[in-house]
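Down below is the structure, laid out as structure tokens.
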Amino acid sequence: MRKTHIMYGANLSYTLLNRYLDEALNANLIRQNHDGYYKITSKGISFLNTYDSYIKKKEQVKEKIMEMNNKKSELQHLLSPQDI
């Protein structure tokens, strides 16, 4: 992809685009061809796959924490004095 296409597709300002592209280039996640096109590297693909897995696991943990907090509330309710 060319820089302009990336900028519009990601809805980024030119300044932010350049910063992100520089970071991705320095990390070898993408490379730039001699004709100005950017292409993802195998390291970039691996990064995206790992990031996707991380986000899914993070959501699972978040859901588990909510479940545990609900159980904690249930236990606290059961320990509270009840009307007879």
**Fill in**
Quick numbers on the range 1-40, Rg and Dmax over C-alpha atoms in Å, give 9.5, 25
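Could you work out the relative contact order of the chain, using alpha carbon pairs under 8 angstrom and six or more residues apart, expressed as a whole percent? Kindly include the intermediate steps, with their values, before the conclusion.
Values: 38 pairs, mean separation 16.3, N = 84.
Taking the mean separation of contacting Cα pairs over the length of the chain, I get 19 percent.
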**Message:** Please report the spacing between the Cα centers of the range 13-29 and the range 44-84 in Å, no decimals.
**Reply:** 34 Å
**Dipole of the chain, positive direction: furthest Cα of Asn26, Gly36, Ile6, with charges on the beta-carbon** = Gly36
**Complete:** Asn69 neighbourhood, Cβ < 15 Å, K/R = +1, D/E = -1, net charge +1
**Fill in**
Filtered hits (lysines, Cα-Cα < 26 Å from Lys58, offset >= 8 within chain) -> Lys43, Lys71, Lys72
**Asked** All other residues with a Cβ under 13 Å from the Cβ of Asn26 taken together, and with Lys, Arg as +1 and Asp, Glu as -1, what is their net charge?
**Response** +1
**Complete:** With the 8 Å Cα cutoff and a minimum separation of six or more residues, the range 1-40 has a relative contact order in percent of 43 percent
**Filtered chymotrypsin sites (Phe, Trp or Tyr not before Pro), the range 27-83: DSSP coil and at most 14 other beta carbons within 10 Å** = Tyr37
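Counting each DSSP H run of 4 or more residues in the chain as -39500 (n - 2.57), what helix-only mean residue ellipticity at 222 nm follows after dividing by all residues, to the nearest 500 deg cm²/dmol?
-24000 deg cm²/dmol
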**Request:** Consider the candidate values (1) 1.27; (2) 1.18; (3) 1.95; state which one is Cα Rg over 2.2 N^0.38 Å computed from the structure displayed.
**Result:** (3)
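Each reported figure results from applying straightforward, stated rules to the coordinates on display, with no laboratory input. All of these numbers come straight from a predicted model, not from anything done at the bench. For neighbour counting, all protein chains shown are included, and Cβ atoms are generated from backbone atoms with ideal geometry for every residue, glycine included.
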